[in-house]
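Asks: After the structure tokens below, expect a handful of questions from me.
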Amino acid sequence: MLRYALGACLSVLVAVLFFPPDWSVGWGGESQKVAPARLLSRSDLSLYDGEKGSRGLYLAILGQVFDVHKGHKHYGPGGGYHFMAGKDSSLAFITGDFTESGLTDDVSSLSPLEVVALYDWLDFYHKEYQHVGLVVGQFYDETGQPTEALLEVEASLAEGQKLKAQSEAEKILFPPCNSEWSSSRGKRVWCSTKR
Ligand code: HEM
């Protein structure tokens with residue numbers, strides 16, 4: 001019996017040595033490998049503006065591409081935000097400048113707190129729409145790695161988050177106060193007890 005057991009163990013060992021298992025494949029047989037991101041050039045992305053004959057309806061924010069077909073009423077032809085379709089207009093999410101020059105992915109003019117607000121939009125798209133890939137250019141290079149510009153935006157995000165946390169903490173310590181003056185009552189100062 002012991003000989004059989006030893007023999008079986010030995011066979012498994014030999015099999016593993018000569019035919020190493022692909023550990024990236026899960027027990028159910030499904031692959032655990034993360035699919036490489038789909039990379040789109042700016043001109044690829046422009047083919048997804050939802051116009052007749054286009055390939056679909058996408059938009060990008062901070063170089064991340066989302067399929068916004070579900071929001072066709074906003075982004076499709078005739079929609080109030082159609083100008084965002086088929087492009088990365090990250091800056092306009094904060095400035096509200098929807099002119100041609102405002103619809104740009106150059107966000108270097110944003111303050112750290114504005115960058116935090118831009119990432120709130122990015123979270124919104126992750127929650128509401130399907131992420132389909134990355135745009136090669138401003139934020140990702142041709143291998144899908146973050147560019148220097150993205151690293152700078154991320155540094156600004158970290159600074160903005162710190163500032164936001166500080167300001168929240170100060171609001172707890174120093175609740176906002178108000179004052180008024182009237183000839184009958186004189187000066188009156190009162191502070192909010194709420195954040
Ligand atoms: C920086 C300025 C603004 C930006 C970047 C912006 C952007 C957007 C975007 C991207 C959507 C579509 C969201 C989705 O996919 O569901 C949206 C929806 C909408 N926005 Fe704006 N918006 C701005 C200012 C405004 C202002 C000032 C108003 C009103 C006076 C407004 C009213 C609306 C309304 C009513 C919707 C539709 C909500 C719905 O039907 O679900 N937006 N906005």
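Asks: Look through Glu128, Glu114 and report the one residue that is at pLDDT 95 or above and within 17 Å of Glu152 (Cα to Cα).
Replies: Glu114
Asks: Across the range 43-62, which residue is nearest to the ligand (Cβ to nearest atom) among those that are part of a loop (DSSP other than H, G, I, E, B) and on the phi < 0 side of the Ramachandran plot?
Replies: Tyr48
Asks: Just name the residue that is nearest to Leu110 (Cα to Cα) out of those in the range 126-168 that are within 16 Å of the ligand (Cβ to nearest atom) and in a helix (DSSP H, G or I).
Replies: Among residues in the range 126-168 that are within 16 Å of the ligand (Cβ to nearest atom) and in a helix (DSSP H, G or I), the one nearest to Leu110 (Cα to Cα) is His126.
Asks: Hey, another quick one. Filter the range 91-116 down to the residues that are open to solvent by less than 40 Å² (accessible area, probe 1.4 Å) and assigned to a helix (DSSP H, G or I) and list them by number.
Replies: Ala92, Phe93, Pro112, Val115, Val116
Asks: For the range 178-195, how many residues are surrounded by 10 or more Cβ atoms within 10 Å (Cβ to Cβ) and within 30 Å of Pro112 (Cβ to Cβ)?
Replies: 2
Asks: Give the residue that is surrounded by the fewest Cβ atoms within 10 Å (Cβ to Cβ), with candidates limited to residues of the range 138-177 that are at pLDDT below 95 and touching a strand residue (DSSP E or B) at 6+ places or on another chain (Cβ under 6 Å).
Replies: Looking at residues that are at pLDDT below 95 and touching a strand residue (DSSP E or B) at 6+ places or on another chain (Cβ under 6 Å), I get Cys177.
Asks: Going residue by residue through the range 2-25, is there one that turns out to be at pLDDT 95 or above and in a strand (DSSP E or B)?
Replies: No, the range 2-25 contains no residue that is at pLDDT 95 or above and in a strand (DSSP E or B).
Asks: Also, quick follow-up: List the residue pairs whose Cβ atoms are under 8 Å apart, where the first residue sits in the range 74-93 and is over 17 Å from Val107 (Cβ atoms) and modelled with pLDDT of 95 or more, the second is among the aromatic types (Phe, Trp, Tyr) and open to solvent by less than 50 Å² (accessible area, probe 1.4 Å), and the two are 6 or more positions apart or on different chains.
Replies: Going by the 8 Å Cβ cut-off, the qualifying pairs are Tyr81/Tyr75; His82/Tyr75; Ala85/Tyr48; Ala85/Tyr58; Ala85/Tyr75; Gly86/Tyr48; Gly86/Tyr58.
Asks: Which one is nearest to Glu51 (Cα to Cα), of the residues in the range 79-106 that are of a type in the set (Phe, Trp, Tyr) and within 9 Å of the ligand (Cβ to nearest atom)?
Replies: Tyr81
Asks: Also, quick follow-up: Take the range 63-83 and flag every residue that is open to solvent by 10 Å² or more (accessible area, probe 1.4 Å) and either among the aliphatic types (A, V, I, L, M) or assigned to a loop (DSSP other than H, G, I, E, B) (or both).
Replies: Applying the first criterion (open to solvent by 10 Å² or more (accessible area, probe 1.4 Å)) to the range 63-83 yields 64, 67, 69-70, 72-75, 77-83.
Correct list: Pro77, Gly78, Gly79, Gly80, Tyr81.
The values are calculated or read from the model by the stated rules, or taken from the named source; none is laboratory data. The structure presented is a predicted model; accordingly, all values stated were derived computationally and were not measured. We place every Cβ from the backbone using ideal geometry, glycine too, and count neighbours over all the protein chains shown. In case anyone asks, the SASA skips ligands and DNA or RNA and just uses the protein heavy atoms, side chains included. Shrake-Rupley method; radii C 1.70, N 1.55, O 1.52, S 1.80 Å.
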